[in-house]
Amino acid sequence: MSCHLADYLLSAIKSVKQKLSYNMKEHKKEKHSITETPVEEVKESVPVENPLQKELEELKDKYDSLNDKYIRLAAEFDNYRRRTAKEKLDLVLTAAEDTVKGILTVLDDIERAIEVLKAAEGDHKPAIEGTELIYAKLYNYLESKGLKRMEPLGSELDTDYHEAVAQYPAPDKKSRNKIINVVQNGYLLKGKVIRYAKVVVGI
């Protein structure tokens, strides 16, 4: 709507300019046809404001005002478009994060199942291999979506990634104030922590 109004004002300005040019030409013709005016009359004459010139100036002011409003509106719309696009992206990422968080408990169960099979008596090699294959397929799929498991063992405690659940005497001096055991694996999703690693720190 602003564009149509601006086009209308530009057309009006052009029309006023044409009228003004025509009046100036007619004024010149009249000037040549009129006899010389006495000096006294010229001194007493008062300049008359041209109504077309005033109308032209008003139209220019209206055009400038509308153009400024249009530019501001376009900038506001661009900001709105960017903001809504970011909100939609955040919504998708949040939904994906919630889904992956729910699957992490399944990974935990499979890890525990593998540990139990390895500790059990008898030959459980086929069961262990089958369970490890299922675990690998599931983890590789999640990894392709941006999931990454933390590897905190042997590193110093970092509260941005780790949660210390216990302290235990370190087996040697090098292990003091470092993580000596992982109770529960921590995970990142596209660089963001979605679960802190629960660890034991050596003292």
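The values are calculated or read from the model by the stated rules, or taken from the named source; none is laboratory data. All values reported here derive from a predicted model rather than from experimental measurement. FYI the Cβ positions are ideal-geometry reconstructions off the backbone, even for glycines, and counts take in every protein chain you see. Note: areas computed on protein heavy atoms with side chains; ligands, DNA, RNA excluded. Shrake-Rupley method; radii C 1.70, N 1.55, O 1.52, S 1.80 Å.
Points worth noting:
- Pair list, Cβ under 8 Å, 6 or more apart: region 114-143 residue open to solvent by 100 Å² or more (accessible area, probe 1.4 Å), other residue hydrophobic (A, V, I, L, M, F, W, C): LYS118/ILE128; ILE134/ILE110
Let's see how each residue does on (1) at positive phi; (2) not basic (Lys, Arg):
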| residue | (1), (2) |
| --- | --- |
| ILE110 | no, yes |
| GLY122 | yes, yes |
| LYS125 | no, no |
| SER144 | no, yes |
| TYR168 | no, yes |
| ILE194 | no, yes |
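- Only a single item in (1) over 30 Å from TYR135 (Cα atoms); (2) surrounded by 11 or more Cβ atoms within 10 Å (Cβ to Cβ) is not met by ALA75, and it is number (2).
- Leading residue by the ranking (nearest to the chain's Cα centre (by Cα)) among those in region 158-187 that are open to solvent by less than 70 Å² (accessible area, probe 1.4 Å) and under 28 Å from THR99 (Cα atoms): TYR187
- Some residue of region 100-112 being charged (D, E, K, R), touching a strand residue (DSSP E or B) at 6+ places or on another chain (Cβ under 8 Å), touching a residue at least 40 places away in the same chain (Cβ under 8 Å) and open to solvent by 40 Å² or more (accessible area, probe 1.4 Å): yes
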